1. Just name the residue that is farthest from Ile30 (Cα to Cα) out of those in the range 58-114 that are among the hydroxyl-bearing types (Ser, Thr, Tyr) and touching a strand residue (DSSP E or B) at 6+ places or on another chain (Cβ under 7 Å).
2. Which of (1) modelled with pLDDT of 95 or more; (2) touching a helix residue (DSSP H, G or I) at 6+ places or on another chain (Cβ under 6 Å); (3) under 26 Å from Ala107 (Cβ atoms) does Arg78 not meet, given it meets every other one?
3. If Val124 meets every condition in (1) in contact with a strand residue (DSSP E or B) (Cβ under 9 Å, 6 or more places away or on another chain); (2) within 15 Å of Ile36 (Cα to Cα); (3) aliphatic (A, V, I, L, M) apart from one, which number is that one?
4. Can you pull out every residue in the range 33-71 that is within 11 Å of Tyr92 (Cβ to Cβ), of a type in the set (D, E, K, R) and without any contact (Cβ under 8 Å) to a residue 40 or more places away in the chain?
5. Being at pLDDT below 95, of a type in the set (A, V, I, L, M, F, W, C) and out of contact with any strand residue (DSSP E or B) (no Cβ under 9 Å at 6 or more places or on another chain) narrows it down to one of Met23, Met37, so name that one.
6. Looking at the range 69-107, which of its residues are among the hydroxyl-bearing types (Ser, Thr, Tyr) and either under 15 Å from Phe49 (Cα atoms) or assigned to a loop (DSSP other than H, G, I, E, B) (or both)?
7. Could you list all residues from the range 1-32 that are in contact (Cβ under 8 Å) with a residue 40 or more places away in the chain, over 25 Å from Asp69 (Cα atoms) and of a type in the set (S, T, N, Q)?
8. For Asp130, indicate whether it is at pLDDT below 90, among the charged types (D, E, K, R) and in a loop (DSSP other than H, G, I, E, B).
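The values are calculated or read from the model by the stated rules, or taken from the named source; none is laboratory data. All values reported here derive from a predicted model rather than from experimental measurement. Cβ placement follows ideal geometry from the backbone for every residue including glycine, while neighbour counts extend to all protein chains displayed.
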Amino acid sequence: MPITLEGALALRGNEPIGRYCPMERTLQVIGTRSAIMVLREAFYGATRFDEFTARTGLTDRTTAARLRDFERAGILERRAYREPGQRRRHEYVLTGTGTDLMPVLLALLQWANKHDPPPYPPEVRHHGCDRPVRVVAQCADGHEVEPNDLTVAADGPFGLSTPTSLAAWDPPAGSVVDA
């Protein structure tokens, strides 16, 4: 049932991929419990610092760190606002980059509901038809695929088209992960 590897991935043997791996690079940004909780609340409509801390139960320091990480990665945009008679504050709004993470969060929810369901599992429904939403892997022609139906290929050493050493590689401009 494994995924088929081609190109440099198939030839790497037991060599670690490290920061060439898009999944590992993504986990550097969203791979903590606190990051997922803050991201969840952003999708649930939280925009203000006090909402994030209250809804997640995280400390102010941890919440501030995750919001900073997400702002730096382009997942959240910080916007100034001022309520009448109050000082200027900031709210945090999902960007297009942040919204692209929706299937990741929905897949985590779907997995948990199936394999470790809480007493009252949340169900995601489509506003348009009120039917349950599910996350699936499918090809561009709409066929659902299983792991043994997939091939992952990468040019160059571990995904680079121009051979270079890991030490000499700089992430592409606009990368969400610092080198």
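1. Here is the first cut: in the range 58-114, the ones among the hydroxyl-bearing types (Ser, Thr, Tyr) are 59, 62-63, 81, 92, 95, 97, 99.
Next, only the ones that are touching a strand residue (DSSP E or B) at 6+ places or on another chain (Cβ under 7 Å) stay: 81, 92, 95.
Details: Tyr81: 26, Tyr92: 16, Thr95: 15 Å.
Only one residue fits best here, namely Tyr81.
2. The single condition Arg78 does not satisfy is (3).
3. Tallying (1) in contact with a strand residue (DSSP E or B) (Cβ under 9 Å, 6 or more places away or on another chain); (2) within 15 Å of Ile36 (Cα to Cα); (3) aliphatic (A, V, I, L, M), Val124 fails exactly one: (2).
4. Glu41, Glu51, Arg66, Arg68, Glu71
5. On the way: Met37 fails: at pLDDT below 95.
Every option except Met23 fails the conditions.
6. Step one: of the range 69-107, the residues among the hydroxyl-bearing types (Ser, Thr, Tyr) are 81, 92, 95, 97, 99.
Passing the criteria: Tyr81, Tyr92, Thr95.
7. If the condition is that a residue be in contact (Cβ under 8 Å) with a residue 40 or more places away in the chain, over 25 Å from Asp69 (Cα atoms) and of a type in the set (S, T, N, Q), then Thr4 is the only one that fits.
8. Working: at pLDDT below 90: no; among the charged types (D, E, K, R): yes; in a loop (DSSP other than H, G, I, E, B): yes.
No.
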